1. Please pick out the residue among T401, T375 that is away from ligand 3 (no atom under 16 Å from the Cβ) and either over 35 Å from the mean Cα position of the chain (by Cα) or farther than 24 Å from S271 by Cα (or both).
2. Mind listing whichever residues of the range 259-277 are more than 24 Å from M355 (Cα to Cα), of a type in the set (S, T, N, Q) and more than 16 Å from ligand 2 (Cβ to nearest atom)?
3. Looking at the range 281-306 only, could you name the residues that are more than 7 Å from ligand 1 (Cβ to nearest atom), touching a strand residue (DSSP E or B) at 6+ places or on another chain (Cβ under 6 Å) and of a type outside the set (V, I, T)?
4. I'd like to verify a number: residues in the range 381-409 that are hydroxyl-bearing (S, T, Y), within 15 Å of ligand 1 (Cβ to nearest atom) and either not assigned by TED's automatic domain parsing to the domain that holds E274 or not in a helix (DSSP H, G or I) (or both), how many?
5. Quick check on my filter: what residues within the range 261-280 are of a type in the set (D, E, K, R) and either near ligand 1 (Cβ under 8 Å from one of its atoms) or on the phi > 0 side of the Ramachandran plot (or both)?
6. Evaluate the following for G338: is it within 15 Å of ligand 2 (Cβ to nearest atom), within 25 Å of V394 (Cα to Cα) and exposed (fewer than 13 other Cβ atoms within 10 Å of the Cβ)?
7. Restricting the search to the range 11-52, which residues are hydroxyl-bearing (S, T, Y) and in contact with a strand residue (DSSP E or B) (Cβ under 6 Å, 6 or more places away or on another chain)?
Amino acid sequence: MKKILLIEDDNYYLKQKIKELKQRLPYQVISIHNKTKLETFQNYGTDDIFIVLLDNFFAEENSKPIIQYFSSKGIAVIVYTELYDPILAEEILKAGALDYVLKKPYEDINYTTRLIERTYNNQFIKALVVDGSEPFVRELSNYLMQFGIKYYCATTTDEAKQILNTHEDIKLLLVDEEIQGNEQGILLIEDIRKNYSSTQLVIIAMSLHGYNSPHSIAFLKKGANDFITKPFIKEQFSLRIMQNLETLNMIEEKHKLASTDFLTKLNNRLSLSEIAPSLLKKAKEADTKLAVAMIDIDHFKQVNDTHGHDMGDAVLKHLSQILINSFRKGDLIVRNGGEEFCIILDKSDIETAKMLIDRLRENVENNSCTFESITLSITISVGLFIGLEESIEVFLTKADTLLYQAKEEGRNRVICNL
Ligand code: GH3
Ligand code: MG
Ligand code: MG
């Protein structure tokens, strides 16, 4: 489990905030007195520590080596002090701290908790830095590492596009205006935006030209989410990264909510229309067939009528769990609505598809559902269409016709076109 190292005197508000945040983020807090010497930390090790919160009170002479020690290990160090001292702030940042905040005001504690949350969530984010100049990349990489972000580096536009294509987890792109001595940054952004929307990938452009220059405006017009003037200070950088990634996360969460079925937590119809076309595209490119199964629970109305709606809901959840257990991660499982589900099998040959769907039907029949001391067995009918059609809609219509046939022929069966 990830750990927060709290090196502190006693800050009630901060501790309270960390406790609140812990309900959402699974981390452990290690609290150590701020008079502790560096050797103790060196013996302790840095495993799983993702952030160090250092209370600078009374311990100024002690802080610097601690900041240097943790930041050199790529761990974010946030230093908080009682009063703002610009000289001290500069020294602390120079020593490698990610940020310098005040203890007292409520806003600063809030800001600290934002930094904690961001640094924690950054472990799930990868970045791509596109720039030709070695020392700048090194400096940038250092910031990213401290902020918990893993990154790739590209020195040409082609390399950048290739890395982006092969790593779906890249969510942040930092593009310098100059790539290999030419002003190719804007062109690269324009090109990348053809395939990645600003709600899928955050692009931050960097340039030696100032905010009011035509360059910054051109970057934003071509689709950069934000723009930073070089050289920049660390706080400027981390704030912009934080704000942009927070927005991206918020959009992702809302989108997840909108594309998830509330009862079963499976994908809903919206995700079918969003994800299925890419599976079809892949099948077309590989010149393989795609298997689409339309599934409907038999006599489900009777379950509701006899045992009540809650039992019906329990049956829907029970079937969903069987579906999740029966298919691989790349397969698309959708609750279409009511008691109708749809599966699109990713990269599966005809025989495997038939075998998987037959086994699913058997599993449903043989695994009863228990809810509030009532145990029920259910069955499903399935229409399985395997082929290569123009659009997903055609697949769904054909699978639906086969499902209808399965119902007509007596239910609890799979009808396949092949
Ligand atoms: P068939 O074998 O021909 O498919 O018959 P059926 O009874 O399964 O089909 P029918 O379309 O007549 O009934 C579907 C029922 O599913 C009617 C509807 O009330 C119920 N239903 C739809 N959504 C939900 C839900 O979210 N929860 C519960 N409990 N019932 C639902
Ligand atoms: Mg039904
Ligand atoms: Mg139905």
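1. The conditions single out T375.
2. Those that are more than 24 Å from M355 (Cα to Cα), of a type in the set (S, T, N, Q) and more than 16 Å from ligand 2 (Cβ to nearest atom): S259, T260, N268, S271, S273.
3. A283, K289, A291, A293, M294
4. 1
5. Hit for the range 261-280 is K265, nothing else.
6. When the stated conditions are applied, G338 passes them.
7. Y27, S31
Condition check ((1) in contact (Cβ under 8 Å) with a residue 24 or more places away in the chain; (2) more than 21 Å from P135 (Cα to Cα); (3) surrounded by fewer than 21 Cβ atoms within 10 Å (Cβ to Cβ); (4) of a type in the set (F, W, Y)) across all residues:
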| site | (1), (2), (3), (4) |
| --- | --- |
| T166 | no, yes, yes, no |
| G181 | yes, no, yes, no |
| Q184 | yes, no, yes, no |
| S197 | no, yes, yes, no |
| H209 | yes, no, yes, no |
| S213 | no, yes, yes, no |
| D226 | yes, yes, yes, no |
| I241 | yes, no, no, no |
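The values are calculated or read from the model by the stated rules, or taken from the named source; none is laboratory data. This one's a predicted model, so the numbers in the text were calculated from it and none came from an experiment. Note: ideal-geometry Cβ built from the backbone for every residue, glycine included; neighbour counts use all protein chains shown.
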